[in-house]
1. Here is a list: GLU248, GLU306, GLU279. Which entry is under 15 Å from GLY329 (Cβ atoms) and acidic (Asp, Glu)?
2. Filter region 56-93 down to the residues that are in a strand (DSSP E or B) and in contact with a helix residue (DSSP H, G or I) (Cβ under 7 Å, 6 or more places away or on another chain) and list them by number.
3. With ARG303, ARG249, ARG261 as the choices, which residue is under 30 Å from ASP185 (Cα atoms) and either without any contact (Cβ under 8 Å) to a residue 24 or more places away in the chain or in contact with a Phe, Trp or Tyr (Cβ under 9 Å, 6 or more places away or on another chain) (or both)?
4. Could you tell me whether region 63-73 includes any residue that is free of Cβ contacts under 8 Å to residues at least 60 places away in the same chain, in contact with a His (Cβ under 6 Å, 6 or more places away or on another chain) and not aromatic (Phe, Trp, Tyr)?
5. Provide a single number: the residues in region 169-208 that are farther than 20 Å from TYR76 by Cβ and aliphatic (A, V, I, L, M).
6. Scan region 185-197 and tell me whether some residue there is part of a loop (DSSP other than H, G, I, E, B), outside the structural domain of THR308 (by TED's automatic domain parsing) and either under 22 Å from ASP277 (Cβ atoms) or touching a strand residue (DSSP E or B) at 6+ places or on another chain (Cβ under 9 Å) (or both).
7. Examine region 190-197 for a residue that is among the aliphatic types (A, V, I, L, M), surrounded by 24 or more Cβ atoms within 10 Å (Cβ to Cβ) and modelled with pLDDT of 95 or more, and state whether such a residue exists.
8. Please verify whether PHE168 is at pLDDT 95 or above, assigned to a strand (DSSP E or B) and among the aromatic types (Phe, Trp, Tyr), treating the condition exactly as stated.
Amino acid sequence: MKDSSKSGEWSILNRIHKDCKTSSKGPGKSSLCVGMGDDAALWRPRDGCDAILTCDWFLEGTHFLAARHPPEVVGYKCLARAISDVAAMGGAPRCFLLSLALPNSHADEWLNRFLHGLRKASQALGCPIAGGDSTQRSEILINITVVGEVARDIAILRSRAHPGDALFVTGRLGEAQYGLQLLLDNAQRIAPHDPRLRKHFYPQPRLGVGQWLAKQRLATAMMDLSDGISSDLPKLCQASGVGAGLNERALPVVKIHQKDRRKKFNAIELALHGGDDYELLFTVASKNVARIPKAIAGVPVTRIGEITADKRVVLARQNGDISRLQDKGWDPFR
């Protein structure tokens, strides 16, 4: 963390250091030569590995609501969602940098609870803090930079899908959006511990799945689903210069709770357009499809379509209709 003559900022930096230093355990510790407390961190990648670098914004009013999202959730989620990018390349996280801006009113209890959630994610995901910066601002701004590693030449990119490849996804789609809609329902306040909120509050980066696919060299292309499959699948296709056919009937959709059946929840629409799931979308050459198990690292895997030479992304509906997949996922500029 950077030194500062402002006692308030220095106090906050010391608290972050104290609260997060216990997270410097696990596989990332040996790679972090110098962590918090100096002008910068020193990190050394292991022999035979490529470095993965990614950063992610988490902004009040855009990505979370201070009045609805508990500080512990904000702390956990800001790191977990950034680490999902490392999972999408088949890598492992090694350390992270935290840049935090917040109002003075949030520098006590809110910050303590935020750090509790951040520490929980750091320990669970084996990713210690290496440093960062802080400042004062009228709203909460968080930026996370994650450093990861992957064995040399096995990183999985978005750009290597080929026509004829099968299209797979992990987990269930739409669960996070389902939770968000419940959270924003003014007619019914929902308890933070409600299991329907779990995916929205505490996403699980699919590190085990990504690493297995990379080691087995089975995925031709991969990315994580942060914005919804209707927005993210076209990005993979564009990077690879291909198209895709999606089978609506095959989608592993969210299970709507019995108490919500009378509300206007459409499981298919949530699965197609809901963001924040952080599942993995990946492609596999037809000759290797039989080698993909029904679950990887304890996470269900479902075949949902195929990569095509036609550079369109189409959806085959359950009634037999086929149409271009409309991009209705998350876009902060839309």
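The values are calculated or read from the model by the stated rules, or taken from the named source; none is laboratory data. All of these numbers come straight from a predicted model, not from anything done at the bench. Here Cβ is always computed from backbone atoms with ideal geometry, including for glycine, and neighbour counts include all displayed protein chains.
1. Values: GLU248 fails: under 15 Å from GLY329 (Cβ atoms); GLU306 fails: under 15 Å from GLY329 (Cβ atoms).
None of the others qualify; the one that does is GLU279.
2. ASP56, PHE58, PHE64, ALA92, PRO93
3. ARG261
4. Yes, there is a match, as at least one residue in region 63-73 is free of Cβ contacts under 8 Å to residues at least 60 places away in the same chain, in contact with a His (Cβ under 6 Å, 6 or more places away or on another chain) and not aromatic (Phe, Trp, Tyr).
5. The number of residues fulfilling the criteria is 3.
6. No, region 185-197 contains no residue that is part of a loop (DSSP other than H, G, I, E, B), outside the structural domain of THR308 (by TED's automatic domain parsing) and either under 22 Å from ASP277 (Cβ atoms) or touching a strand residue (DSSP E or B) at 6+ places or on another chain (Cβ under 9 Å) (or both).
7. no
8. So PHE168 fits the description; yes.
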